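Notes follow once the structure below has been shown.
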Amino acid sequence: APALPESHSFTTATSKTNNTSKKLRDPPTSRMVALPPRLNVKLALHEEVSSTAILDEDNNGDLSTSHLFVEGKITAQVSSSDASKNAPFCLHVSGAMISAADITYSNYCTPVNNRRNEYSYGSEIEGSMKYEVNIPKSKVERCEVISYTIDAKTHNMPILVQPKALLNNQNKCRISVQIRSNLGNHGDLANFMIVVAIPNTVQGSTLQVTRGPGTYDNIKRIVTWKIGNLAKGKSNLVSVEAELSSAVAKLLVDKKSTLKDAVIATTNNKIIQEKVTFPVLVRCSSDLDQISDLSLDAMDLDSVPASIVLQQTRSFRLLHRVGK
């Protein structure tokens, strides 16, 4: 092979003997970016509720609406992958009932861009409240962040209560209460108890419990059934029978009347429904549901990025009243 001319000296990229040699560039190094801390947020909503069923005469007498008074609280438990501190997060509370809520927030909360006043309860648009929640690393237990009260009406109750009084024979009345657990409930209802106050229009001394494990207190004139659990979508019927008071018995149409039996029965049952009225109290609880329509969410703040892992629990205790 012919020799290269002296003016064309050959150099490699890794040659260290020639000042004119060029070194290969090292591959670019990727810049390490720190990931946002993982923030485990456990939110718990609990409500103590007293409610009264409202008789809607325009809806065939069905008890379709209830007046609620709710005392609720929201607690938060936070743990972070950051060993030195917990990142703050944004708590978002929404729902149509929020406009009827009187909200008190703790020292762990700061309101953020709240727009509750733009909405009214019962409208199709939901209200919205946001809070910055900052729980110190030293707080490992649940901390109450918000408490609230709500005074409102709703069609969405976890139970439907249907009381009824009917004439069993010429002078004896059957008082019954049927309760159905809403099929839309997330779980079963627990600690279920039904209490019926016996009116003076029946003779308490003649009362007999005819359905359900009820006990009668003759002094207080109340019958109590302790049902326990009631599965969602299921119903329970309880009943008693007692003789009518002499005053009510005198109002009834005698079977010896010349009226047709169907007319007599209809007339007498109307008298019974007017004269034999009785209040019903129902107690129950749930570890999977709530009564209000408030919805919770947790998200990171724009100023403090964090990877939020959210867990939620809901619970309530209910005292529901039907009748006068």
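The values are calculated or read from the model by the stated rules, or taken from the named source; none is laboratory data. Everything numeric in this text was worked out from a predicted model, so none of it was measured. We place every Cβ from the backbone using ideal geometry, glycine too, and count neighbours over all the protein chains shown. Note: accessible area is taken over every heavy atom of the protein model, side chains too, but ligands, DNA and RNA are not part of it. Shrake-Rupley method; radii C 1.70, N 1.55, O 1.52, S 1.80 Å.
Give the Debye-formula value of log10 I(q)/I(0) at each listed q (0.17, 0.21, 0.22 Å⁻¹), with one equal scatterer per alpha carbon of segment 277-324, two decimals each. Results for segment 277-324 at q = 0.17, 0.21, 0.22 Å⁻¹ read -0.69, -0.84, -0.87. Please go through segment 160-261 and write out the trypsin sites (Lys or Arg not before Pro) that DSSP classes as loop and that have at most 15 other C-beta atoms within 10 Å. Here the trypsin sites (Lys or Arg not before Pro) that fit, given the DSSP loop and packing criteria, are LYS220, LYS234, LYS250, LYS255, LYS256, LYS260. Couplings 3J(HN,Hα) for segment 153-165, derived from phi with the Karplus relation 6.51 cos²θ - 1.76 cosθ + 1.60 (θ = phi - 60°), are 10, 8, 9, 9, 10, x, 9, 10, 10, 10, x, 7, 10 Hz, where x marks Gly and Pro. Along its principal axes, segment 149-241 has C-alpha extents of 43, 27, 25 angstrom, given from the largest down. Run through all the Cα pairs of segment 138-198 and give the fraction in each 10 Å bin from 0, expressed as whole percent. Reading upward from the zero bin: 13, 28, 28, 18, 7, 4, 1, 0. Per residue, segment 157-201 exposes 44 Å² of accessible surface when a 1.4 Å probe is rolled over the protein heavy atoms with every protein chain present.
Whole-Hz Karplus values for segment 226-236 come out as 9, 8, x, 9, 10, 5, 4, x, 9, 10, 9 Hz, taken residue by residue from phi with 6.51 cos²θ - 1.76 cosθ + 1.60 and θ = phi - 60°; glycine and proline positions read x. Average accessible surface for segment 264-324: 52 Å² per residue, computed with a 1.4 Å probe over protein heavy atoms with every protein chain in place. Taking all protein chains together and rolling a 1.4 Å probe, HIS186 ends up with roughly 130 Å² accessible.
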